[in-house]
Amino acid sequence: MESNKKKKWKWRQDRGYRRYRANRSRSSSNEQWHGYNDAGPSHRLSQMENDNQPASASSPPASSSSSKSNSGVPELPGFYFDPVKNRYFRLLPGHNNCNPLTREQLQEKEREKQRQKRLAEDENPRKKTPRTGLNISLLLQKRHLGLLPGNSYCRRVHEVKVCGMRRHKLEIQSTDNSDPNTDNFRIIVGDSVSERVFTVNDVSHGGCKYGIMNFSSGSRGSLSVEMCDNLYFTNRKVNSICWASVNYPDSHVLLCLVGAADTPGCVSLLPASLFSNSNQDQPGMLCSFKISTAWSCAWCLNPQFDKTFSTGLSRRVILKDAETGRTQTYGVGTDVLAQHFAHRVPVLFNGCRSGEIFSIDLRQRGRRDHSWKAKRFHHESAITSVRVLQDENYLMAADMLGQIKMWDVRVTKPVLEYKGHYNEHAYLPIHVNEHEGLLLAVGQDCYTRLWSLKDGHLLRTIPSPHPAANDMIPSVVFSSNLGGSRGLPGLLMAVKHDLYYFPYNTDYQDEGQPPL
């Protein structure tokens, strides 16, 4: 009887001990789960703070939150969970945290990590092609067998060349022996033959300077750049630029300047020869129009109105003849952020902050009601760029949601969308090169993307050579003959104070230097 009691007591004792161990392990795991241990919360937090940065501290919030939901880790306000170290790190500053993490820092580190990775992949000469079987030998074989029409063959060859472009840094020469690479580029705009590029640079003491870079191509597609010797400085912001053909093609530059302090805004028509002291030609027409806060501008190339330009303002569109000064004003209910003229017919397309796109036929100037809006269609967000294609039944438009669409103007419906562009609120242009069948856009994430214009396929994504920042978004020019008639197709990229060249020619060497 006594032995049975001892056995029962021992069994109960063992059972209780097992329960205690199980509860103890669960309690310990829960404490560690929430960032505490037996030494107490202060010891745990100090241990977290004294460690180095977490291994996955660069993970973006989206990925980290998804990993939390997948693993069942609860989200604690003010803390970030590191899935590699399996514990929390403080996000908000505290009395015992000298170097706090923030979600912005984590996002920035993750972006930089991805940029470095994409940069290494992009410089790999054997990087993955965007389409299956996209190589020259296979395309040539299909062409000989009659399996690929001539137009499709040329388009695919251009896509192969685009995928093979490699980055080269250009040295900008100056005629006055000064160093032109000291101020950050803001905007670059090429002329119609891509021999000159108009540049706007920020200056350290405030304001900006603007001038013209001259390009010339040499043997094997090498490119030389020379900055003009007559730069202009202003304390006003440059909102929009376009080349103007007053005396001859691209003879002038149309510039929209926003007012600053006591200096009112204006729209200036400047002769290109004004920027070179060595040019013996007469400057030609030089005029300034008192048009304040112009968001956009465009020059008409139609022979009927070949001296006419437009400006998009807040709630207004102004059409003005540069020679006679004749002005026509159209009232609009929103800001006009983007403009572009068709070439064959004198029709101006306007993109608005409200997301509306409408056209104005210059041959119907006398109408006072809203019937002068020949065509109207809408995006879901503010329009940042509009471009009329050579087949003027189609128009490209981009907005602040990152949507890029091709519209059929006849039926006012989108026929194609180009996926992958990133924009949240920036005023970013798009670039169309129909000869190569390409669409280009630089996103707010500082990535330059190239699509096939015909089918919307994303061909290449080029990371910025510099860390991404809202004030370091690259500005690009793509041309079929960069540097003139002898030049090769290629991409010109200006970011920070550097200028880069991505040529079609994979054997390109600049003064014996290997590609970057």
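The values are calculated or read from the model by the stated rules, or taken from the named source; none is laboratory data. Note that the coordinates shown come from a computational prediction; the quantities given were computed from them, not determined experimentally. Note: ideal-geometry Cβ built from the backbone for every residue, glycine included; neighbour counts use all protein chains shown. Each accessible area value is taken on the protein alone, full model and side chains, heavy atoms only, with ligands, DNA and RNA left out. Shrake-Rupley method; radii C 1.70, N 1.55, O 1.52, S 1.80 Å.
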Using a 10 Å cut-off on Cβ atoms, rank the peptides 419-425, 321-327, 407-413, 236-242 from the highest mean neighbour count down.
236-242, 419-425, 407-413, 321-327
Here the FRET efficiency for T263 versus E323, based on Cβ atoms and R0 = 30 Å and rounded to 0.05, is 0.70
Cα gyration tensor of the stretch 177-256, axes a ≥ b ≥ c as square roots of the eigenvalues: rounded (a/c below 1.5), prolate (a/b > b/c) or oblate?
oblate
Taking the highest mean first, how do the peptides 328-339, 136-147 order by number of other beta carbon atoms within 10 angstrom per residue?
328-339, 136-147
Which far-off residues, 5 or more places away or on another chain, put their amide H under 5 Å from the one on A338, with H placed in the peptide plane?
G351
Provide the FRET efficiency to the nearest 0.05 for the R315-S288 pair, computing r from the beta carbons and using R0 = 30 Å.
0.85
3J(HN,Hα) from dihedral phi, the stretch 265-272, Karplus parametrisation 6.51/-1.76/1.60, rounded to Hz, x for glycine, proline
x, 7, 10, 10, 10, 10, x, 5
Would you grab the residues whose amide H sits under 5 Å from the one on F79? Only those 5+ places off in sequence or on another chain, please, with H modelled 1.01 Å from N.
L91
Debye, to nearest 20: dipole size of the stretch 381-509, +1 on Lys, Arg Cβ, -1 on Asp, Glu Cβ
80 debye
Which far-off residues, 5 or more places away or on another chain, put their amide H under 5 Å from the one on R236, with H placed in the peptide plane?
C208
Length-normalised contact order of the stretch 368-489 in % [C-alpha pairs under 8 Å, at least 6 apart]
15 percent
Determine the per residue accessible area of the stretch 348-481 with all protein chains present and a 1.4 angstrom probe, expressed in square angstrom.
39 Å²
By its C-alpha gyration tensor, with a ≥ b ≥ c as the square roots of the eigenvalues, how is the stretch 397-516 shaped: rounded for a/c under 1.5, else prolate for a/b larger than b/c, else oblate?
oblate
Mean separation of Cα contacts under 8 Å (at least 6 apart) over the residue count of the stretch 294-425, i.e. the relative contact order in percent, is 15 percent
For Cα pairs less than 8 Å apart in space and 6+ apart in sequence, what is the mean separation divided by the residue count of the stretch 106-167, i.e. the relative contact order in percent?
33 percent
